[in-house]
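Before any comments, here is the structure.
The values are calculated or read from the model by the stated rules, or taken from the named source; none is laboratory data. Not measured: the values here are computed from a predicted model. Note that each Cβ is placed from the backbone with ideal geometry, even for glycine, and that neighbours are counted across all protein chains shown. Quick note on the areas: whole protein, heavy atoms, side chains included, nothing else; ligands and nucleic acids left out. Shrake-Rupley method; radii C 1.70, N 1.55, O 1.52, S 1.80 Å.
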Amino acid sequence: MYSTRLLSSLAAFAAGVAADWPQDVSVDSFVATEHGIALQGALANIGPNGSQVPGAGAGFVVASPSKVNPNYFYTWSRDSALTLKTLVDEFLFGSKALQTYIEDYIHAQAVLQTVTNPSGSLLGSGLGLGEPKFNVDGTRFNGNWGRPQRDGPALRAIAIIEYSNWLISQGQSDKVKNVIWPIIQNDLSYVGQYWNSTGFDLWEETSGSSFFTTQNQYRSLVEGSTLASVLGVPCTGCSEAPNVLCFLQSYWNGEYMVANTNLQTTSRSGIDANTVLGPISVFDVDAACDSPSLQPCHSRVLANFKVFVDTFRDPSLYPINAGLPATSGVAVGRYPEDVYYNGNPWYLITLGAAEFLYDAAAQWSRQGFVTVDPTSLGFFNDLYPNVTVGTYKRCKKSDPFRKIVDAARTYADSFVAIVQTYTPSNGTLSEQFLKTAPGTPLSANALTWSFASFVTMAQRRAGQFPPSWVPTNTTVPVPGSCVASSTPGVYAPATAAGAPNVTQGCTSNVMFVVNATTYYGENVYLTGNTTDLGSWNLDNAQPMLASNYTGERPEWFVTVAMTAGEPVTYGYVRQENCGQPWIWEQLAQNRTLVVPACGNSTAVRLQTDDAWTGPTGQSGNC
Ligand code: NOJ
Ligand code: NOJ
């Protein structure tokens, strides 16, 4: 097993944080210490006072302090919402000092919802809410990205609803209704309008329908509808919940949940951590195991967990898992075909696997029985050899029920022990660790989401559960046949929470076209004096497309929705292939145009016909 390596790295860990620790640091003491380190690590990445992220605005959660290889110095809607959900949980469990972070986040999100970005705007059709990431000061990010991503609004609503329910319990319904609900309503409108539209998955790579996204969308609509009725307000979008629930069931292929569907093409198996992280983010300790919300203890979800984990046992995929027994935890990553940083185990996913098992064990304990059916038999056999199909009730100390629950917790601990082995002595958690010995941390350092995942795992391990949300009666039954529908949303700036009172922007599409002969590997960008052109900051310039480029006509183009009537100064820049300095145009005067008045169409209303003026690039042959 992992004992030798475990002991040596534990000694190192102990040396780093507490010189007097015994060598054989148990999972218990690792979790106790690392819980605090992880919480502080997450807080250090949140503006305005986070020590690792100078420049981040109040309430903005930065994904990681890393600015190069990879540059994660942005605020992602998903990472932020999951982190805030964790902080709200901690707050409810007694960390009252976290309230200012929560209040800052709510204010920041109210403002962010109004920021027009490459996915669109808030007003009109809400499209801007699907933007996955922003600069850490809350301004738009113009670079190429997998957009839109439709999990963000759902996750943000879930985090803010949890806090809102607490405020209501403290007699602050008016604040929730007048200040916070408008933020939630925007997000739920987006979910109700776009749950059936394709978008990029949580790994930002494939565009289609994604299990994690659908599952969180369902939760957000159910919780939103409950909150709306408490407040006595309508919830636009919430009536889509049964349709989303119906769709959620469709990811099951008889053996596992296929993480991404409705893709253009795929060469992937669909086995993906997406389907393990989803159930833990909708976990409700009181929910029934057969709830169609697909909780950790659901038999299909358990079967899926086994398929997922077993995939990574293959030592040709992850050599560091070689020799670990089939009944013990292993290092797990995003999906077997992953090539990002060569495809490695992730801390937040290995911790998620542990959390998943603590969740399931807690649900069995809460209900006092475990049902093993033909679908989940393989999963249970790993925990309790020779178990057969049937229902096992809690009765005496040595009964199968207890053995199964204890074995699930022991199995969970073995995933934590893997993370312990690969955690450096100062307790910091990166995004990934190398799939071959010695399992060195890699990719983004001090990843906020890794820290948050440690905290939620530690909460569940300690028997701390977030408030329940799954309806106990069948208020939301699974419809007999699924309907692909959409409710048009209502979108308005949450001004009482601090959002600027934006008005329906009148925009016109401008197509910038420039002829610029480039060498293979060189790119052309558009920059200018407006925020949509990146305010002359090249890090935020608009990438142009070369799909019309030919030998006769070396055309680069990009279409940008711009504020109607606005005078604009702009120009083009070349980005070289080996990190050489950018090359600017050399013009006697900047290029200018005035954006035409808007009409009601999405047509291009002005097209430029420019020719690159200035030096050409030289390949760096890197
Ligand atoms: C950055 C994304 O965040 C990551 O998930 C992805 O794997 C890489 N880009 C490569 O597409
Ligand atoms: C890459 C991950 O794939 C994505 O899920 C995450 O949002 C970003 N990194 C930022 O952490």
Report summary line: The condition of being surrounded by fewer than 22 Cβ atoms within 10 Å (Cβ to Cβ) and under 16 Å from residue 463 (Cα atoms) holds, among 420, 363, 367, only for 367
Query raised in the report: Which pairs have Cβ atoms under 8 Å, sit 6 or more apart or on different chains, and link a residue in the stretch 28-44 that is over 17 Å from residue 88 (Cβ atoms) to one that is modelled with pLDDT under 95 and not polar (S, T, N, Q)?
Result: 29/21; 30/10; 30/13; 33/17; 33/18; 37/17
**Report entry** Members of the stretch 333-366 that are within 16 Å of ligand 1 (Cβ to nearest atom) and among the aliphatic types (A, V, I, L, M)
**Finding:** 339, 348, 349
Query raised in the report: Has the stretch 154-173 got at least one residue that is of a type outside the set (A, V, I, L, M, F, W, C), in a loop (DSSP other than H, G, I, E, B) and open to solvent by less than 40 Å² (accessible area, probe 1.4 Å)?
Result: no
Query raised in the report: Among (1) open to solvent by 30 Å² or more (accessible area, probe 1.4 Å); (2) assigned to a loop (DSSP other than H, G, I, E, B), where does residue 499 come up short?
Result: (1)
Query raised in the report: What residue, of 337, 355, is under 28 Å from the mean Cα position of the chain (by Cα) and surrounded by fewer than 16 Cβ atoms within 10 Å (Cβ to Cβ)?
Result: 337
Query raised in the report: Could we say that residue 477 is within 25 Å of residue 183 (Cα to Cα) and either among the hydrophobic types (A, V, I, L, M, F, W, C) or not assigned by TED's automatic domain parsing to the domain that holds residue 238 (or both) here?
Result: no
Query raised in the report: How many residues, within the stretch 178-234, are away from ligand 1 (no atom under 16 Å from the Cβ) and farther than 24 Å from residue 295 by Cβ?
Result: 18
Query raised in the report: What are the residues in the stretch 61-82 that are assigned to a loop (DSSP other than H, G, I, E, B) and open to solvent by 20 Å² or more (accessible area, probe 1.4 Å), if any?
Result: 65, 67, 68, 69, 71, 72, 73, 74
Report task. Using the structure shown, decide if residue 194 is among the hydroxyl-bearing types (Ser, Thr, Tyr), closer than 22 Å to residue 76 by Cβ, modelled with pLDDT of 95 or more and open to solvent by 20 Å² or more (accessible area, probe 1.4 Å). Result -> yes
Query raised in the report: Since residue 96 meets every condition but one in (1) more than 16 Å from ligand 1 (Cβ to nearest atom); (2) within 19 Å of the chain's Cα centre (by Cα); (3) basic (Lys, Arg), which condition does it not meet?
Result: (2)
Report summary line: The condition from (1) within 24 Å of the chain's Cα centre (by Cα); (2) buried (at least 16 other Cβ atoms within 10 Å of the Cβ); (3) outside the structural domain of residue 434 (by TED's automatic domain parsing) that residue 512 misses is numbered (1)
Query - Any chance residue 177 is open to solvent by 40 Å² or more (accessible area, probe 1.4 Å) and assigned by TED's automatic domain parsing to the domain that holds residue 238 - result: yes
